[in-house]
Each structure stands twice: as C-alpha cells, then as structure tokens.
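The values are calculated or read from the model by the stated rules, or taken from the named source; none is laboratory data. Owing to the predicted nature of the structure, the values given are computational and were not obtained by experimental measurement. Virtual Cβ from ideal backbone geometry, glycine too; neighbours counted across all protein chains shown.
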Amino acid sequence: MLIESSSNGIGPVCLDSVHYAGSALAAFEELAKSTTIEELLRSAHLMWCGPTCPEDTSCDFLHYSRPTVSSREPRLPQFGYNKDTSHLFAAVGDGGYVPGTATIHEVNAWPILLKVIARADAGHQRNGRLDCDYSDWTTKPHDAPRLQNPDPAVSATRSYRDALQWMAAWCGEHYKASPAALHYVAWAAIPDDLCIPPLDVMRGTFRMFGRSLHSTAADMEAEGWGNDGVLAMLGVVLQYIYQYVEKVDFRPGPDQVGLHTQLNNTAGVWDSIMYHTRGHDAFGCAIAVARNCGVGPHHSDAFVDAAINCGMSMNLAKMALDVYRKDDIQPTAHPTLREERQIAYRSVYLDIIDDQVRRGDHEVLVNFGRSGLAFVQLMERYRERRSGRRIPITPQISAELNQLCGPVPAPHHQSSPSSPACRSASGLSTQTESGHV
Ligand SMILES: [Zn+2]
C-alpha cells in the first residue's frame, strides 16, 4: 500500500495543476521580486488561478468550493469518533452531530484581505517596520503584552522541533525521508509563533539555521517535486501573508479592519474554516506529507479535505484539553452564536472525515485529517501554549536537529521588551544562525 523509503523519483502526488507551469524554485524567484505585500499576493494568485479569476468566493486560492463526494472503495473502517458516536463525547461540546451542515462561503475574503494588506504596506512605506514586527505570539493569555525581540534561536529551534514531531505524527518512522518536506513544515510552523513580515522571508533576510525559504524551494527542485512544489510554495506564501496581516489587524483601534471578525460573523462556519485552513497552510503540509511518504496520486480535493480536518481535529483536541480557550483567533468565536457555531464546526469535521474514508483516500491522508486528536496531546507545542512558557529542548531532539540542520544555536540574552526590536530581529535571525550551518 505504500511507502517508498525516499521521495526521490516519484511522480506528482497531486493530479491537479495550478496555472503556473514552472518549478517551485522559479515561482519563488518570481515572487521574491515583489516590492509590496499586495504585489506578492497578486503574483501568487496569478500563478494559482490565472488572469481571469473574478476574485470572489469562486476563487479557490482563498476559498474552496467543496465538491459532493461519491463513495468509492473505502480502504479503512470509520473511526471510533464519528457521526454515530459523537453524542457520547461531551468533552468537545454538547450537541453531537447535525447532518447537512453547510459548507458554502457567505463572505468574500478578497476585499477584506486587501484592506488589511493596504494598511500593512502603507505602514512599511511610512516607517520601514510596524510595531508588531517580530513580536512573539506564543505568550498567553492574549491580553499580555507581546514580547518584542524574542530570541530567534529559540523560535527557530522550536519550529524545527515541532516540524519533527508533526512529521512523526503524520508519517511515522518515515518522518525525515524527504529533507525538503521537513524543512517546509518548519517554515509552516514559525509564522504562527512570530510576526514575520512576508517580504523578509521572500528576500531571505529572515532565515532559520541560516536557511532561507529559497533554499527549501531549491530542495524541492532537487527532489523533483514539480507541480507539487508549486502548490506547496504558493500555499506557504499565502500562509505568511494571512498570518502577518492577522497579527497586524489583531489590536482593536480605529485602523482595525476586523479580518477575523468579518470571517466569523455568520451562523455558518465555512468562511472561518477555510480562513484557518489557508492561514495555517495545512494544504501545503498535506502535499509535503504525501511527497515524504510516496502517497498518491490524488485529486486536490483529497488534500484540501485532509488539510481542513487536520486543523479541525487539532481544535477539537484543544477544546477537550482546554487549550482552545487560550487561542487568540478561534474559528468558532462569536458573541451570540458561539454554541451553534461549535456544533456546526464539529459536524463539518465529522462529515469530511466520513467523506475521506468513503472516497477511499489513502490512509496517510485520512490519518493527517484526524491527527490533531493525537498530536495536541503529544507535542510540547501545545503544552507550551497551555502553560504560557517554553519547555527545554530534549537531548534527543537536539541530536536530530544537529544532524538535519547543524548545531542548535545557543539561546541569546533576551532583550528588553522596550528595546527597538523590530529593526534588529530579522538581522539577528540571519546572523545568529547562519554561522552554524
Ligand atoms: Zn483566484
């Protein structure tokens, strides 16, 4: 049923192509010419959809028109937590499962996203940096002051620790078969923790262990990712844009556009679910996992469904373990409809996991979809979220990172939160770690 020991030499894992016909590396180099975040978004979108996209809810770069799933040959039995059993598990909320929950968009994310991006671009043109640049978003509770100038060595090391653990949760003993996939997942891990200006990533001024995202694109090319690499690269670029503007827009005030609020301001949950799916790049990680495990080919809807459910199973586990309450940006948040939205959220998860099995998706992708139920319990990342403090890196993780990335950089002295951190953080990241590679 699988699994090749190496991802080298396998064909495309995703059967559907984007508009852009070049490689991930060529795409990256084209995107890196962008001088504003809006230009970056528009260039990435052009590569995904082509020039005729109407930029409405039919645009699958920001949205997802989910097709009806017809049963094929299931490879797996349904899991214990399913439509027929969910009413027995109150830890993720009462109300069980409601059939027929809508998976249609009610809000066009395009104009809202462009408005926040315009605010960020204007701020950069005025000041060079924004106050929130390189602030730390791992500190909880969310009303605590953000720590400026977090130690880049700590942020990069934690992101690689999380990448190793996620890849193990998704791929088992094959967790590092594809170095490109592992590095890619580390890139997808860090923008949730650190407020990183997307253009710094594209220009290579922000690096981890001295490595740039450009070097990961080059790794993809060397491993023959083809169109899979372009899909993944456009996914992570969109993630960096979403993660950055979400943080720019987080603080209430006259300039706040309300990106999160506007995408949560309906009884339905689909707008919020897709915002979170794109904003965490679970799609690109699903492609990376399939490449790493030599799984496929599948149509893109199998990867999008796996991605949606990966984020949702993570949030269901966070609800059960009381981590979710501490999240800044909750997909079920609403002043009056929170309970209905939680039932809808759970029901969409149960429908999609059922569809993944009925469609006959590969075990690796179905496991990816429900993996949050396990990895939230197993990973230090979520223990850190719950306790609000960092946990030391174990000698075993340190040894793995030493082999994969070079010596783990020693933590630097923490600067004062009032220091002018924004200007120095990206340079520090480069300087601190590049010497170790
Ligand atoms: Zn589009």
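There is no residue in the stretch 316-325 that is in contact with a Ser or Thr (Cβ under 7 Å, 6 or more places away or on another chain), buried (at least 20 other Cβ atoms within 10 Å of the Cβ), under 20 Å from VAL92 (Cβ atoms) and among the small types (Gly, Ala, Ser).
Listed by position, the helices (runs of 4 or more DSSP H) inside the stretch 261-364 whose residues that are of a type in the set (Lys, Arg) and out of contact with any His (no Cβ under 9 Å at 6 or more places or on another chain) number at least 3 are 338-358. How many of the residues in the stretch 87-135 are at pLDDT below 95, in contact with a Leu (Cβ under 8 Å, 6 or more places away or on another chain) and over 23 Å from SER65 (Cα atoms)? Number satisfying all stated conditions: 5. Per the listing CYS59, CYS49, CYS14, the residue uniquely under 27 Å from ARG346 (Cα atoms), crowded, with 19+ Cβ neighbours inside 10 Å and either at pLDDT 95 or above or within 11 Å of the ligand (Cβ to nearest atom) (or both) is CYS59. Within the option set ARG42, ARG126, being assigned to a helix (DSSP H, G or I) and within 16 Å of the ligand (Cβ to nearest atom) holds for one residue only, ARG42. Flag set for ALA186, criterion: of a type in the set (Gly, Ala, Ser), surrounded by 24 or more Cβ atoms within 10 Å (Cβ to Cβ), touching a Ser or Thr at 6+ places or on another chain (Cβ under 9 Å) and under 24 Å from GLY311 (Cα atoms).
Annotation note: of THR332, THR336, the sole residue that is crowded, with 20+ Cβ neighbours inside 10 Å, at pLDDT below 95 and more than 19 Å from GLU173 (Cα to Cα) is THR332.
Please indicate, with yes or no, whether at least one residue in the stretch 223-238 is acidic (Asp, Glu) and part of a helix (DSSP H, G or I). So far as the stretch 223-238 goes, yes, one or more of its residues are acidic (Asp, Glu) and part of a helix (DSSP H, G or I).
Restricting VAL107, VAL116, VAL69 to those that are in contact (Cβ under 8 Å) with a residue 60 or more places away in the chain, more than 15 Å from the ligand (Cβ to nearest atom), touching a helix residue (DSSP H, G or I) at 6+ places or on another chain (Cβ under 8 Å) and not in a loop (DSSP other than H, G, I, E, B) reduces the list to VAL116.
Among the criteria (1) in contact (Cβ under 8 Å) with a residue 60 or more places away in the chain; (2) surrounded by fewer than 20 Cβ atoms within 10 Å (Cβ to Cβ), the one GLY172 does not fulfil is (1).
When the residues of the stretch 17-39 are filtered to those that are touching a helix residue (DSSP H, G or I) at 6+ places or on another chain (Cβ under 6 Å) and not in a loop (DSSP other than H, G, I, E, B), the one that is surrounded by the fewest Cβ atoms within 10 Å (Cβ to Cβ) is GLU38.
Are any of the residues in the stretch 73-84 at pLDDT 95 or above and exposed (fewer than 14 other Cβ atoms within 10 Å of the Cβ)? Looking through the stretch 73-84, none of the residues is at pLDDT 95 or above and exposed (fewer than 14 other Cβ atoms within 10 Å of the Cβ).
Does the stretch 201-212 contain any residue that is part of a helix (DSSP H, G or I) and at pLDDT below 95? No: zero hits.
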